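As structure tokens, the structure follows; a few thoughts come after it.
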Amino acid sequence: MALSDFDLVFFGGSGDLAMRKLLPAMYARDVANDLPVSARIICVGREDMSQEDFLQMVETNSKPHIKESVDEQAWQKFLQRITWVAVDAVNLQSYAGLVEALRKDEQLTRVYYLATPPSLFARICDNLAASGLATANSRVVLEKPLGRDLESAKQINADVGKVFAESQIYRIDHYLGKETVQNLLALRFGNILFEPLWRREWISDVQITIAEKIGVGNRLGYYDNSGALRDMLQNHLLQLLCIVAMEPPTSIAPDAVRDSKLQVLRSLKRFTPTTLAQNIVRGQYRSGYVDGQPVPGYRDEPGAPKQSKTETFVAMKAEIDTWRWAGVPFYLRTGKRMADRLAEIVVRFKPIPHSIFNQPTSSFQPNSLVIRLQPDEGLSLNLMSKTPGDGMRLKQAELELDFREQFKAPRMEAYERLLMDVLRGQLTLFMRGDELEAAWEWVEPILDYWEQDDTSPVPYSSGTWGPAASSALIGRDGLQWREEA
Ligand code: BG6
């Protein structure tokens, strides 16, 4: 569907996200001829700089983040779409420049992308409204962190909701923009094969892992107040869990999908202090080697408090109390400075009930479906197969679907897809306010418990798969994380 003309405003327009992700994503769509000729990008920030200075900044800070080689002519054309406007987000008077810069046409789509700290959301929305800029054709995009607990998330929803209707609010979780996440929807609801098996009778357990090799980098100020549970689990991992576990929505329409996801979040078994201590492991990286290079421990990162209790790793066993999933463990795991960078979902099916072959049942690996999001995107279905040659020996074999190989289509970054969806007015891949609150509501007892708990996260060496307690957590159920099997 061709896009209609738009003014896209990036608050935090000179910031890291705009430079690293948002502008490169818009350039990629421009080169692909997806943007209307007269569409414009207005970058807004506090700095008092000229248009030339800003374009120079884009040249230096954003252009290097473009993955494909840059076509100079297309790049110059792209730069012409960009206008820099200095606005102090908290100062109403300073919005005059923005009023001036925006086109007044009611037919035009207007998007305000708030790539700013959430503490500014309320003021920005109020000031947009007071400046007459929150019009019916406006949409607002909210970047994480969307709160640090239930109360602050509710506050964000209330503040933004005062100015914009829910149908105008796009809460970003960039994991939902990844190709494989949508492919999971295609797999589950575009095929007849899986749905009958997608339940407790046939599935024994599900593992969801997002492992990173990078450490905290230069984000310590944010991260030390956040930690892996808030930074990754409350949002990205729970969103993946929702897509895996949700009931078939009646259509791909935003509220149909979001209702199904919400139901999962509301059915997650609540942790009590006792179950929490047994089913959640938090870790913090120490020094070690990643890709053969020595790296410092978290507490030795520049600026880190020496006694920091912030977790950089979390693993847990979650359960969903529904007829479909009762008793099926969902093992969730994420961490920084781990042995490898990968994001994957592993759905393991039950073992066969009886062996007719001259091999014990225990030698049959249960079928499993591995859905890979990163680093490459694909699916593998593990099946038992006869080994070639004489005799009847069965061994595990893989049916492999490599999306890139199969479709030979250029890859689209998550932010490209999500920005295009915002511009199209397509809300399916964005969290609704009640989903956000339900996710925080479930996570909050864990945060509270850790808050008053005297113990620290368990240390693990950088370049490993996390603390031994994480292997023990899943090992207690007679299982192993896929990478450790
Ligand atoms: C972000 C987190 O949301 O996701 C970061 O704040 C993390 O800490 C990043 O590194 C991971 O995203 P991706 O797409 O690189 O897996």
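The values are calculated or read from the model by the stated rules, or taken from the named source; none is laboratory data. All values derive from a computational prediction rather than experimental measurement. Using ideal geometry, Cβ is built from the backbone for each residue, glycine included, and neighbour counts are taken over all protein chains shown. In case anyone asks, the SASA skips ligands and DNA or RNA and just uses the protein heavy atoms, side chains included. Shrake-Rupley method; radii C 1.70, N 1.55, O 1.52, S 1.80 Å.
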Checklist entry - Counting only residues that are in contact with a Ser or Thr (Cβ under 9 Å, 6 or more places away or on another chain) and open to solvent by less than 20 Å² (accessible area, probe 1.4 Å), which one in the stretch 134-153 is nearest to the ligand (Cβ to nearest atom)? => result Glu143
Next on the checklist: Any residue at all in the stretch 7-14 that's in contact (Cβ under 8 Å) with a residue 12 or more places away in the chain, in contact with a Lys or Arg (Cβ under 6 Å, 6 or more places away or on another chain) and open to solvent by 40 Å² or more (accessible area, probe 1.4 Å)?
Outcome noted: no
Next on the checklist: Name the residue that is farthest from the ligand (Cβ to nearest atom), counting only residues in the stretch 116-132 that are aliphatic (A, V, I, L, M) and touching a Phe, Trp or Tyr at 6+ places or on another chain (Cβ under 7 Å).
Outcome noted: Leu128
Checklist entry - Given (1) within 13 Å of the ligand (Cβ to nearest atom); (2) hydrophobic (A, V, I, L, M, F, W, C); (3) more than 20 Å from the chain's Cα centre (by Cα), where does Val216 come up short, assuming only one miss? => result (3)
Item to check | Residue check for Asp159: under 28 Å from Ile252 (Cα atoms) and outside any loop (DSSP other than H, G, I, E, B) | outcome: no
Checklist entry - Mind checking whether some residue in the stretch 289-307 is more than 16 Å from the ligand (Cβ to nearest atom), assigned to a helix (DSSP H, G or I) and either at pLDDT 95 or above or open to solvent by less than 60 Å² (accessible area, probe 1.4 Å) (or both)? => result yes
Item to check | Scope the stretch 71-102; condition in contact with a strand residue (DSSP E or B) (Cβ under 6 Å, 6 or more places away or on another chain) and of a type outside the set (Phe, Trp, Tyr); matching residues | outcome: Arg81, Ile82, Thr83, Val85, Val87, Gly97, Leu98, Ala101, Leu102
Checklist entry - Which numbered condition trips up Gly389, out of (1) open to solvent by less than 80 Å² (accessible area, probe 1.4 Å); (2) on the phi < 0 side of the Ramachandran plot? => result (2)
Checklist entry - Regarding Val370, is this residue away from the ligand (no atom under 16 Å from the Cβ), of a type in the set (Val, Ile, Thr) and in contact with a Ser or Thr (Cβ under 6 Å, 6 or more places away or on another chain)? => result yes
Checklist entry - Among (1) closer than 30 Å to Met246 by Cβ; (2) in contact (Cβ under 8 Å) with a residue 60 or more places away in the chain; (3) under 21 Å from the mean Cα position of the chain (by Cα), which single condition is Thr116 missing? => result (1)
Checklist entry - Residues in the stretch 166-180: is at least one away from the ligand (no atom under 16 Å from the Cβ) and surrounded by fewer than 18 Cβ atoms within 10 Å (Cβ to Cβ)? => result yes
Item to check | Pairs where the first residue, in the stretch 444-466, is surrounded by 15 or more Cβ atoms within 10 Å (Cβ to Cβ) and the second is among the aromatic types (Phe, Trp, Tyr) and in a loop (DSSP other than H, G, I, E, B), C-beta under 8 Å, 6+ apart | outcome: Pro445/Phe271; Ile446/Phe271; Tyr449/Phe271; Trp465/Trp481
Checklist outcome for this item: Given the conditions (1) open to solvent by 60 Å² or more (accessible area, probe 1.4 Å); (2) over 28 Å from Ser308 (Cα atoms); (3) in contact with a Ser or Thr (Cβ under 8 Å, 6 or more places away or on another chain), every one holds for Arg286 apart from (2)
Item to check | Residues located in the stretch 115-124, provided they are surrounded by fewer than 22 Cβ atoms within 10 Å (Cβ to Cβ) and outside any loop (DSSP other than H, G, I, E, B) | outcome: Pro118, Ser119, Leu120, Ala122, Arg123
Item to check | Failed condition for Leu332, given (1) part of a strand (DSSP E or B); (2) modelled with pLDDT of 95 or more; (3) away from the ligand (no atom under 16 Å from the Cβ) | outcome: (3)
Checklist entry - Could you count how many residues in the stretch 230-259 are open to solvent by 10 Å² or more (accessible area, probe 1.4 Å) and either more than 16 Å from the ligand (Cβ to nearest atom) or within 17 Å of Val346 (Cα to Cα) (or both)? => result 11
Checklist entry - Among Ser204, Ser226, which is away from the ligand (no atom under 16 Å from the Cβ), closer than 25 Å to Gly335 by Cβ and touching a Pro at 6+ places or on another chain (Cβ under 8 Å)? => result Ser204
Checklist entry - Just for the stretch 164-188: of the residues that are in a helix (DSSP H, G or I) and hydroxyl-bearing (Ser, Thr, Tyr), which one is modelled with the highest pLDDT? => result Ser167
Item to check | Pairs, first among the acidic types (Asp, Glu) in the stretch 332-356, second in a loop (DSSP other than H, G, I, E, B) and within 16 Å of the ligand (Cβ to nearest atom), C-beta under 7 Å, six or more apart | outcome: Asp340/Lys213
Checklist entry - Only one residue in Glu435, Glu400, Glu441, Glu405 is open to solvent by 60 Å² or more (accessible area, probe 1.4 Å) and in contact with a Leu (Cβ under 7 Å, 6 or more places away or on another chain), so which one is that? => result Glu441
Checklist entry - So which of Val58, Val90, Val37 ends up being surrounded by 16 or more Cβ atoms within 10 Å (Cβ to Cβ) and at pLDDT 95 or above? => result Val58
